[in-house]
1. Checking the condition buried (at least 21 other Cβ atoms within 10 Å of the Cβ) and either at pLDDT 85 or above or more than 20 Å from Val75 (Cβ to Cβ) (or both), which residue from Leu195, Leu159 passes?
2. Can you find even one residue in the stretch 10-19 that is under 20 Å from Pro181 (Cβ atoms), in contact (Cβ under 8 Å) with a residue 60 or more places away in the chain and touching a helix residue (DSSP H, G or I) at 6+ places or on another chain (Cβ under 6 Å)?
3. Name every residue in the stretch 251-278 that is within 23 Å of Ala149 (Cα to Cα) and in contact (Cβ under 8 Å) with a residue 60 or more places away in the chain, in order of residue number.
4. For the stretch 43-65, name all the residues that are touching a Leu at 6+ places or on another chain (Cβ under 8 Å) and surrounded by 20 or more Cβ atoms within 10 Å (Cβ to Cβ).
5. Looking at (1) surrounded by fewer than 23 Cβ atoms within 10 Å (Cβ to Cβ); (2) more than 22 Å from Pro35 (Cβ to Cβ); (3) modelled with pLDDT under 80, find the lone condition where Glu249 falls short.
6. Sort out which residues of the stretch 259-274 are touching a Leu at 6+ places or on another chain (Cβ under 9 Å) and of a type in the set (Gly, Ala, Ser), and write them in order of number.
7. Tally time: how many residues in the stretch 212-264 are under 16 Å from the mean Cα position of the chain (by Cα) and among the small types (Gly, Ala, Ser)?
8. Could you go through the stretch 293-307 and let me know if any residue there is buried (at least 18 other Cβ atoms within 10 Å of the Cβ) and closer than 30 Å to Arg77 by Cα.
Amino acid sequence: MSESTNKGLLSAYREIFAAPGSVAFSAAGFVARLPIAMIGIGIVTMISQLRGDYALAGALAAVFALSSAIIAPAVSRAVDRFGQRAVLPIAAAVSVTAIGALLLAVRMEAPDWLLFVLVVPGGATPTIGAMIRARWVAIYVGKPQLRTAFAFESVVDELCFVAGPVISVGLSIGLFPEAGPLAGLILLVTGTLLLVIQRGTEPKVHPRRPGRGRSVLGNHVMWIVIVIMVMLGTIFGVIDVGAIAFTEEQNSPGSATLVLALFAGGSGIAGLIFGSMHPARSLRGQLMIASSAVAVLSVPLLLVGNVAALAGAYVLAGATVAPTLIIATALVEQIVPPEKLTEGMTLTVTGLGVGVALGSALAGQLIDRYDVSSAYMLAVGAAVAASIVTACLFVKPSASTARPSSIE
């Protein structure tokens, strides 16, 4: 057991930021990744305000999410090969130009087909969370502090997903329809530039090894982690839509924001505590326990009868999320070679995003056709599926694909 195990929560996080440049790149990463949660919802808000067409708004947001799922891993592969400083400005420029043109096209009442053409390259937005985690790995590889750093970034991710939509929608409604996504573009450019100028903490480009040119998807463990992330994302999607629908049924729509904040808060606190710990159990064992906890603590969602009970159920469900994400990220750091680390981490974030889109869409359909409880059944089903898939980690030994890790 590491000596840092006995240190207090605050000292554990103070320790990781003792590394030169860590505060600066983490802060830049926060600015640059906030737009990920602003642009999609910003497009929906903008289209609904300017054209009153929710079907078009939802379709554009879905295409944007799908294009991100396809393009982002390719961007990260390029980062692994050429470095963050060489690739991130180009990817951000492509995305900003495309979305900026989309905003202008909507304002000029361009035909729908052009909007879809423009939104596709908008998916080139770099997965900044993966870039920041790669910098932490470069600093703390082989050290227990890496787990704590991953925990901190998981909490930052959740903060972005909670705050981003609120900021985007608020700007679009309070100022002008394009204000939300436009602010996201400004933050993306600013954060990306602030990140790439910090060359001292940029991960080194690892030379490609002979026979290892394939994608990380050639590793079956990577597929298991991605499926788990899709299931977690599905839960996120249900949680968001379910909170809005349930509080409306209870004639308390304003409570949705508080309930979602409690979910994020429960997850964030659990993540910070968990990240300061260093369990002796293997990562596979930890992930099995965490995914099982997700399944068990999602069941109360089926039993709620009022807003207070919903809030309690959300706190319980949220408490299992961040630890699961932390372990999954650590497992990816363990199983992929250094020259493909950014790609591997991007695929996990992509899986999460796909799951959120899937969960939101299915939850909306279930609520329209049946009731909110049916949507929460989807969340429980996804949680159970995640635990079953996690068990597959123990079916086939993967020692040949693993590499030593500081957080085994």
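The values are calculated or read from the model by the stated rules, or taken from the named source; none is laboratory data. Bear in mind that the values here come from a model prediction, so they are computed numbers and not experimental data. Cβ placement follows ideal geometry from the backbone for every residue including glycine, while neighbour counts extend to all protein chains displayed.
1. Leu195
2. no
3. Within the stretch 251-278, Ala261, Ala264, Ser267, Gly268, Gly271, Leu272, Ile273, Phe274, Gly275, Ser276, Met277, His278 qualify.
4. Ile43, Val44, Met46, Ile47, Leu60
5. All conditions pass for Glu249, except number (3).
6. Hits for the stretch 259-274 are Ala264, Gly266, Ser267, Gly268, Gly271.
7. The number of residues fulfilling the criteria is 3.
8. no
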